[in-house]
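These notes are about the structure you will find just below.
Read-outs: derived from the displayed coordinates by stated rules, not from any lab. Bear in mind that the values here come from a model prediction, so they are computed numbers and not experimental data. Methodologically, a virtual Cβ is constructed for each residue, glycine included, from the backbone with ideal geometry; neighbour enumeration extends over all protein chains shown.
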Amino acid sequence: MLSDAELSRYARQLPLPGWGPDGQRKLTDARVVVAGAGGLGSSVLTCLAAAGVGYIRIVDSDTVEMGNLNRQTLYTTGDIGKLKAPAARDRLAMLNPDIEVVSLAESISGENLSDVVAGCHLIVDALDNLPTRLLLNEVAVSRGLPLFHGAVYGFQGSATTVVPPQTPCLRCLYQGAVPGKVPVVGVTPAVIGTVEATEVVKFLLGMGDLLTGRLLMYDGLGMRFSEVKVKKDPDCQTCGQHHLPGGKPGR
Amino acid sequence: MKIRVGLSYLLRQFGGLTAEPDTMEVAASTPLECLQVIVGRFPSLRQWVYDKEGSLLTSTMFFVNKEKLLPREFASTLKDGDELLIVLAFAGG
């Protein structure tokens, strides 16, 4: 049963076909880890908290800087110098006090990967570099956890959804990425983070068609969305058959 | 063989080609050959797709008829009328 406060808070989404109290309960029961509380993370976290995802773990080791504020809308000028993860947690707690938000102010590495995702049903990739994204991808594939991915550069963005073991993983998609500091216009992670959050909500509710096996590409300058297909790589170092636990060796 | 080749905005931006059409026709047999032809036509693209030794950078992605190619397919034969899209992968957040 939803409380009166929840019925009131979610009154505009509960009437949606396929949502209702049962759908809202699915969100309330969900445990989600969001890796990265920067530009993408600001958008994803705000959307998921507002929608009522019941448990959100925020993982980010950075502190808020002035140069973040053009796009990282979770923070204010008064947050400069604070750790992002707890600052984001506090902001989301004000947005929706009916959910549980916890912060983990750590860099993601092979050592803490298990702790980062422990007990969560899915992973949101809101990171800013490919090596750490691929680490998350590894744990997602090895544990069969869905991974919701977004990336940005300037006015350009992309997103895809990984549901192991059925779909291509991030390693099937990416062999590398443009190096260096990435210029970002604030609106771009807002768009792509919202796409990621949409995918998460759809997944949790079992609604719609996910971006699995598809890469959504967004060109903010041309204002075009397009998509391309992505297929599983049988030789993928992460999800290829002979790289998975129990996979057949020596193909 | 005529291949319609598209370049992502980021690639055109890096190469200073945003005023150029985003697609062009190229006579070549494989995605790698298409790229060689285009880099020959627009040398400013070279540093964004090849390293100093001339090897393809791993950030260069190929899509044929809107489907991503696996690395081992980069030298596969294209068909007349195929559409090739060349994209630079990015990972900012």
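Summary table below
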read-out	value
Neighbourhood net charge (11 Å Cβ-Cβ; Lys/Arg +1, Asp/Glu -1) for A:ALA151	-2
Gaussian network model of chain A, springs between alpha carbon atoms under 10 Å - residue of A:SER226, A:SER42, A:SER158 with greatest fluctuation	A:SER226
Kyte-Doolittle mean at least -0.5 and Cα axial length at least 15 Å: DSSP H helices in chain A	A:39-51, A:84-95, A:130-143, A:187-205
Cα centre as origin, Lys/Arg/Asp/Glu Cβ charges: chain A dipole, Debye	560 debye
Of A:PHE225, A:PHE155, A:PHE203, the one that fluctuates the most in a GNM where chain A has Cα springs shorter than 10 Å	A:PHE225
Residues with amide H under 5 Å from that of A:THR63, placed H, sequence gap 5 or more	A:LYS84
Contour excess over end-to-end distance, with Cα ends at A:LYS82 and A:ALA11 and 0.36 nm allotted per residue	22.1 nm
Listed residues A:GLU65, A:GLU199, A:GLU111, most fluctuating in chain A (Gaussian network, C-alpha, under 10 Å)	A:GLU111
A:ASP29 versus A:ALA118: modelled label distance in nm, points set 7 Å from Cα along the beta carbon direction	2.4 nm
R0 of 25 Å, Cβ-Cβ distance B:LYS2-B:ARG72: FRET efficiency to nearest 0.05	0.55
